[in-house]
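The values are calculated or read from the model by the stated rules, or taken from the named source; none is laboratory data. Note that the structure is a prediction, hence the values are computed from the model and not measured. Neighbour counts are summed over all protein chains in view; Cβ atoms, including those assigned to glycine, are modelled from backbone coordinates with ideal geometry. All accessible areas refer to the heavy atoms of the entire protein, side chains included, with ligands and DNA or RNA removed. Shrake-Rupley method; radii C 1.70, N 1.55, O 1.52, S 1.80 Å.
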Amino acid sequence: MSHSGSVSEPGRSHHPLAGRAGAVEDAALRARRAAIAELGDALRDLVEQASATEVGEDVLRQVTAQVQLAAAQLGQRTRTRADLPSADDLLAGYRMYNPVTGSGSGLAAPLHVELTGNAVVGTCTLGLAFEGPPTFAHGGVTAMLLDQLLGYAVSAAGHPGMTVRLELRYRAPVPLQTPLRLTAEAGEVNGRRISAGAVIATAAEPGKILVEANGTFVGLRPEQAARLFGGVHPDATDPTVAHD
């Protein structure tokens, strides 16, 4: 991995192996992805404000009714777990609802990822919606961030795979409402298995490790990918993308 950069298109993964030469996207699909990203921004803001609000009961009930109406409108046409989102494109790296990086996800921070030399670098700020211990992030949230970044690292090294082992060491709590810097690098390759390590620090003190993780990933055989994802979409059976 000798290049660097990131992708800023709505929903486009920073995944280093994503992208198809000559892929054609029409204006309607681009507009839909932009609309999904705008909704994702609004949902994340709603979740954050709902986690921080101290308004009275009357306002809470008024907002509840408004949110219920919005949910009913969105629910007029939905997909099942066996359907890919119509705005996604696995081979081109579009995963609009990834809960860590998806621009359309109301759950995502979202984590922004770049390739820098031999490292994968992620940046994000966790709001009050991610609170575990008062003023600090929930440990499960930081584990999810690190798992995603480790996956990017092994993919960038040319060995994409699924997580089979994840070990974490929590050295210090991760502060909320504070810019964070996450780094990951791939390690030893043993057949279809590859290891990787990652850490979380604050952007202000990148040398002070708060959480460190080590992961093991295994690349899927074609028949494994077909068995797991064959009922979803043909592209999902490609072992190079069937792991996010």
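List of remarks:
- Taking the criterion of being under 12 Å from residue 110 (Cβ atoms) and either open to solvent by less than 20 Å² (accessible area, probe 1.4 Å) or of a type in the set (Lys, Arg) (or both), the residues of the stretch 120-133 that qualify are 122, 124, 126, 127.
- Search result, residues across the stretch 172-196 that are surrounded by 14 or more Cβ atoms within 10 Å (Cβ to Cβ), under 18 Å from residue 116 (Cβ atoms) and within 21 Å of the chain's Cα centre (by Cα): 180, 181, 182, 183, 184, 185, 186, 196
- Some residue of the stretch 163-171 being among the acidic types (Asp, Glu), assigned to a strand (DSSP E or B), modelled with pLDDT of 95 or more and loosely packed, with under 14 Cβ neighbours inside 10 Å: yes
- Among the residues of this structure, residue 87 counts as one that is more than 23 Å from residue 174 (Cα to Cα) and open to solvent by less than 70 Å² (accessible area, probe 1.4 Å).
- Any chance residue 136 is at negative phi, among the aromatic types (Phe, Trp, Tyr), open to solvent by less than 60 Å² (accessible area, probe 1.4 Å) and at pLDDT 95 or above: no
- Enumeration of residues in the stretch 197-244 that are open to solvent by 30 Å² or more (accessible area, probe 1.4 Å), at pLDDT 95 or above, among the hydrophobic types (A, V, I, L, M, F, W, C) and not in a loop (DSSP other than H, G, I, E, B): 199
- Residue, surrounded by the most Cβ atoms within 10 Å (Cβ to Cβ), within the stretch 43-68, restricted to residues that are of a type outside the set (Val, Ile, Thr) and not in a helix (DSSP H, G or I): 56
- Criterion violated by residue 213 - all others in (1) among the small types (Gly, Ala, Ser); (2) in contact with a strand residue (DSSP E or B) (Cβ under 8 Å, 6 or more places away or on another chain); (3) within 30 Å of residue 83 (Cβ to Cβ) satisfied: (3)
- Residue satisfying all of: in the stretch 69-85; of a type in the set (A, V, I, L, M) and not in a loop (DSSP other than H, G, I, E, B); farthest from the chain's Cα centre (by Cα) among these: 69
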